[in-house]
1. Does segment 151-184 hold any residues that are closer than 23 Å to residue 141 by Cα and touching a residue at least 60 places away in the same chain (Cβ under 8 Å), and which are they?
2. Which of (1) more than 28 Å from residue 459 (Cα to Cα); (2) at pLDDT 90 or above; (3) more than 30 Å from the chain's Cα centre (by Cα) is the odd one out, the single condition residue 400 does not satisfy?
3. Of the residues 449, 427, which is outside the structural domain of residue 506 (by the TED database) and under 31 Å from the mean Cα position of the chain (by Cα)?
4. Considering each of 565, 508 in turn, give the residue that is surrounded by 11 or more Cβ atoms within 10 Å (Cβ to Cβ) and assigned by the TED database to the domain that holds residue 462.
5. Give the residue that is surrounded by the most Cβ atoms within 10 Å (Cβ to Cβ), with candidates limited to residues of segment 456-468 that are in contact (Cβ under 8 Å) with a residue 24 or more places away in the chain and assigned to a helix (DSSP H, G or I).
6. From 157, 190, 195, grab the single residue that is in contact with a helix residue (DSSP H, G or I) (Cβ under 8 Å, 6 or more places away or on another chain), modelled with pLDDT under 95 and either in a helix (DSSP H, G or I) or surrounded by 10 or more Cβ atoms within 10 Å (Cβ to Cβ) (or both).
7. Name every residue in segment 117-146 that is under 14 Å from residue 379 (Cβ atoms), out of contact with any strand residue (DSSP E or B) (no Cβ under 9 Å at 6 or more places or on another chain) and touching a residue at least 60 places away in the same chain (Cβ under 8 Å), in order of residue number.
8. Condition first: surrounded by 11 or more Cβ atoms within 10 Å (Cβ to Cβ) and closer than 30 Å to residue 420 by Cβ. Can you find one or more residues in segment 80-88 that meet it?
């Protein structure tokens with residue numbers, strides 16, 4: 001397999017134009033047609049620029065490429081000469097034109113971009129970073145404005161939440177229809193069974209005179225036998241108790257019956273007196289049930305007995321709550337009315353409705369509160385852009401458009417300091433002390449940055465792939481345009497002779513692990529690519545690092561192996 005060497009030099013203007021130039025095969029944005037405001041609807045007038053115009057620049061730098069030359073077209077040579085002479089006599093501005101500022105965060109091991117213009121620029125010109133309050137695109141401020149009704153624009157998180165709610169509602173509706181079908185089937189079966197029972201004649205057994213010798217011998221031969229059978233069967237025949245004496249005659253202990261009789265007698269004496277009142281009623285009064293009492297507080301109280309430890313049993317009341325038989329919603333949103341006695345009072349509206357008796361009944365309907373924050377208050381953007389160490393170092397070292405500052409002193413870190421800082425924090429715990437072991441050439445940052453720089457130079461858009469169990473996801477143009485096509489797993493390789501003498505081997509993974517990763521990616525229509533990074537020996541890496549970061553990164557080589565799912569039933 002051919003080996004591809006990583007080019008880590010900061011690309012010049014001509015080189016950047018060749019590597020990061022937009023794909024010529026991609027469809028160009030259609031020119032805006034001049035239309036009168038009367039002919040265009042209001043919804044179309046509010047529509048902003050298309051995504052092809054917003055994400056037209058593939059990198060946060062400006063390139064000035066020469067036009068293409070066609071040998072069979074002499075006019076193209078004139079066009080090339082005119083553009084070249086124009087750049088010679090009128091040189092383009094120095095690149096990079098804008099340098100963004102970032103702050104290193106030791107807590108999140110990332111670089112934070114807090115300026116709103118820099119956040120939008122880095123996201124729209126190469127899809128760098130991730131919003132800390134968003135899924136990917138830093139649009140928390142836009143989402144807040146849409147929720148407060150200040151704007152009417154497209155927000156991906158809001159549409160995603162709406163689609164999830166619609167999917168959940170569709171599932172509930174499908175389950176409801178299935179239950180209705182099952183209920184209809186049961187009712188139909190019951191109806192057919194009832195009709196069948198009406199057709200079948202009565203099969204009540206009647207007395208038949210004995211005609212055979214066995215039947216005659218089975219009859220009771222004497223009165224003694226009959227009396228014995230009655231004495232045996234009579235205790236087994238238990239009739240349902242219908243009176244108080246029959247209930248008390250049930251098999252209970254004598255002590256319980258005696259105590260229960262005393263309690264009933266005392267209850268009867270207290271109820272017979274005109275001013276008598278129960279002790280239990282005085283200690284725990286029952287809640288009066290009125291029309292204005294919420295249904296959830298209406299309860300029934302039943303009597304149970306409990307022991308006080310001395311052998312005496314006392315009567316206590318047990319509370320049972322009856323909930324409403326109608327449930328309006330199984331999921332609770334932020335706009336739902338609050339629970340009673342759990343939140344500050346809200347305004348209520350009482351529409352009167354006349355009942356059958358002519359009286360007006362009031363039903364309390366809580367009016368939903370408005371936004372918790374007034375619309376007139378300014379919204380402060382609380383979101384920042386998070387750059388991974390690989391993204392931050394590529395912007396700083398590869399393109400030169402980012403400066404990272406130390407949060408304590410505010411000093412701008414040099415590329416060499418940034419390189420060492422990212423290497424130290426690629427270990428856990430970070431190796432930043434004098435007594436800790438030295439940094440190795442196979443640390444996580446070096447291996448992953450070699451892969452990141454390699455695919456960025458080829459025009460791909462790498463993004464973090466922890467969601468699908470891989471290291472990186474490769475997008476052709478970006479997450480706004482299409483889904484990721486490949487999932488990358490980075491594996492360090494020790495193919496140099498020095499590593500073999502030291503007995504160093506790469507990580508060993510079982511077949512089940514590889515099969516599980518391939519299965520996950522195949523369900524989301526992505527292909528798995530194993531990226532083997534040949535790690536140089538320490539002495540070669542130190543010699544290259546003395547010459548510069550570029551010479552050290554040239555020692556890393558990339559090998560790509562695509563893995564496809566193999567099934568024994570389909571692939572024979």
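1. The answer is 152, 153.
2. Condition (1) is where residue 400 drops out.
3. Unique residue meeting the criteria: 427.
4. Answer to the check: 565.
5. Of the residues in segment 456-468, the ones in contact (Cβ under 8 Å) with a residue 24 or more places away in the chain are 456-459, 461-464, 468.
Narrowing further to those that are assigned to a helix (DSSP H, G or I): 456-457, 468.
Details: 456: 21, 457: 19, 468: 16.
If we take residues in segment 456-468 being in contact (Cβ under 8 Å) with a residue 24 or more places away in the chain and assigned to a helix (DSSP H, G or I), then 456 is surrounded by the most Cβ atoms within 10 Å (Cβ to Cβ).
6. That would be 157, the only listed residue that is in contact with a helix residue (DSSP H, G or I) (Cβ under 8 Å, 6 or more places away or on another chain), modelled with pLDDT under 95 and either in a helix (DSSP H, G or I) or surrounded by 10 or more Cβ atoms within 10 Å (Cβ to Cβ) (or both).
7. 133, 141, 144, 145
8. No, segment 80-88 has no match at all.
The values are calculated or read from the model by the stated rules, or taken from the named source; none is laboratory data. Keep in mind the model is a prediction, meaning the values are calculated, not measured. Because the Cβ atoms are built from the backbone with ideal geometry, glycine has one as well, and the counts that use them run over all protein chains shown.
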